[in-house]
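Heads up, the thing below is written out as structure tokens.
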Amino acid sequence: MFFGSDEGAAGSAALKKYTELTAGGDGWGDEMIDGSAATADEAVDIINRTVSGLQMFNMFGGRKVIWLKGANFLADTPSGARSEAVQEAMESLLSALENLPAETFFVMSCMEVDKRRSFFKKLGNVAEVKEFTKIDISKPGWESEVAALTIRMAKPHGLSFDNNALDLFVQRVNESTRQIANELAKLDVYLGPERRRVTQEDVDLMVAVSRNGVIFEISRAIEQSNCRLAVRLINEQLEHGEQAVAIMRAAIVPTVRNRFCARLLIDSFGVDTSNYRSFESALNKLLPMDRKMLPLKKDGTPNAYALFNAARTCGKLTLRKARKDLQACATADRQLVSTQLDDRDILHKLIVSLTA
């Protein structure tokens, strides 16, 4: 069983296992069952068909492989695991798995699973269960995790990235491995067999901007002092129903804070910004009291990736201006949550101040 919030990774792992199990067979005993159900009755019907398939031998003997693909009825929903009829049907499936005929194999892929149900708790006794979880982009340090995942997934294509290209790719795509795979496939076709190095221009042209990518585009506009672009992107987000305080805390505050910390590291500690490894090493050598001022990852270490990117965009930004920008963010954030002033006006004034 392959499941988890990263549906793309779970589906890919299930496909790989199904391909391995069916390799060399005659194909007569192989079956792929669509697990998408709109109602509890449809879910019960799918489960019953799966059980029947598992209990029948291959018509011509030999191996039989069934893949229940994309099952959506294991989540805690009225048409899923919350339904008594679905629970009973899943118990019959579990019984079938406990008594599989020889040379019969079962693969299941799904997204959400209610782990409290007895089916899931008992499944580990009779099957191999693997969970695939999306990278949590709400936690500091997610960029380096997505970057490592991207590099790993790009290798089979023979693709490599310029530093700026990788940064832009990471910020544009979603944390889903399915979207990363889709965007890498597009770059692979676009570059052709002659060129295998991805540039920033390639990413700009070919890689779609996700919702999280728009947040990065706002950050990039601030870093480049592009007031017009930043205001336009913010207006678009507000028109799409995004909350002003969400834009403030997801796009603006982290950017300004990282630039302030990067400038402080450069001016006060002389940290080398020419190479990521040496930059990361310098951060890890800071005294604990000095590291407290930096944004930290969940393991307590400095978020070197974000700070390194900020350091490369500091340019002529002075520590005095960086501190002033941070204070302006604090004032604007306080106005958003405690006054009746127009949210759009608050953000526009802040952007003008930051990009001046």
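Coordinate-derived values only; no laboratory data. Keep in mind that what you see is a predicted model, and the values were worked out from it rather than measured.
The figures follow:
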| read-out | value |
| --- | --- |
| Sequence-separation-based contact order of the range 1-122, relative, with Cα cut under 8 Å and 6+ spacing, percent | 35 percent |
| Equivalent ellipsoid semi-axes, the range 5-84, via Cα gyration tensor eigenvalues times 5, rooted, Å | 26, 17, 7 |
| Along principal axes, Cα extents of the range 265-356, largest first, whole Å | 46, 30, 18 |
| Percentage relative contact order, the chain, counting C-alpha pairs under 8 Å, at least six apart | 15 percent |
| Flagged links, alpha-carbon separation over 31 Å, of K316/K349; K17/K298; K155/K316; K16/K122 | K17/K298; K155/K316 |
| P(r) weight above 36 Å for the chain, C-alpha pairs, percent | 40 percent |
| The range 33-186: mean projected area of Cα convex hull, nm² | 12.0 nm² |
| Approximate shape of the range 112-210 as ellipsoid semi-axes (Cα gyration tensor, √5λ), whole Å, largest first | 33, 15, 11 |
